Amino acid sequence: MAVDKFTLQHLKYPNIFGVGDVTGIPNSKTGAAVRKQYPVVVKNLLAVIEGKPPKEKYDGYSSCPLITEIGKVMLAEFGYDGKLMPTFPLDPSVPRRSYWYLKKDVLPKLYWYGMLKGIA
């Protein structure tokens, strides 16, 4: 789907917006990306409904837990143009056991019981 990479608004049809894998934007297609995209779409869609231009911007954020060995993960968080966007106050280039548990135990539950239900 051809959308503006910042507003996520369709390039031809202003009342249509896109999120996730369907969009033709230069970001990684992850659940973390969708989690950051949908609030942008909601605010911009409401603005369009009110006759205003969309102002919210998606910065290309995505997160990829990269398994470096059993029990250790690097959490790659980045935006457009590869800009690092860490959400934790830890060096993102260091594999950590804590990120292993985040990937193994927390993220699946967040996805299945939070995101898919519109909670997280």
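Assuming 0.36 nm per residue, please report the length gained on full extension of the stretch L11 to K72 beyond their Cα-Cα distance.
17.8 nm
At E56 and Y111, where each label point lies 7 Å from the Cα along Cα→Cβ, what is the point-to-point distance in nanometres? Result: 2.3 nm between the two label points. Each residue in I119, I67, I25 was given a count of other beta-carbon atoms within 10 angstrom of its own, and listing them fewest first yields I119, I67, I25.
With r defined as the distance between the Cβ atoms of L46 and K103 and R0 fixed at 41 Å, what FRET efficiency is calculated, to the nearest 0.05?
So the FRET efficiency works out to roughly 0.75.
Residue-wise HN-Hα couplings along region 52-67, as the Karplus relation 6.51 cos²θ - 1.76 cosθ + 1.60 with θ = phi - 60° gives them from phi, are 9, x, x, 10, 5, 10, 8, 9, x, 3, 8, 9, 10, x, 9, 6 Hz; Gly and Pro carry x.
Per-residue ellipticity at 222 nm, computed for the chain from helices alone with -39500 (n - 2.57) per DSSP H run of at least four residues, works out to -6000 deg cm²/dmol. Stokes-Einstein diffusion for the chain at 25 °C, viscosity 0.890 mPa s, with a Kirkwood radius from C-alpha pairs, works out to 159 µm²/s. Database remark: amide H of T68 closer than 5 angstrom to the amide H of V73, M74 (H placed geometrically; neighbours at sequence offset of 5 or more, or on other chains; Pro and chain starts carry no H).
Over 30 Å apart at the Cα level, from the set K43/K104; K29/K104; K5/K72; K43/K72; K57/K109, are K43/K104; K5/K72; K43/K72. Among V41, V106, V3, a tally of other beta-carbon atoms within 10 Å of each Cβ gives an order, fewest to most, of V106, V41, V3. In terms of surrounding Cβ atoms within a 10 Å radius of their Cβ, R97, R35 rank from fewest to most as R97, R35. For the chain, the longest principal axis of the alpha carbon atoms and the long axis of helix 31-49 meet at an angle near 20°.
Coordinate-derived values only; no laboratory data. Just so it is clear, the structure is predicted and the values come from calculations on it, not from any experiment. Quick reminder, even Gly has a Cβ in these numbers, built from the backbone with ideal geometry, and neighbours come from all protein chains shown.
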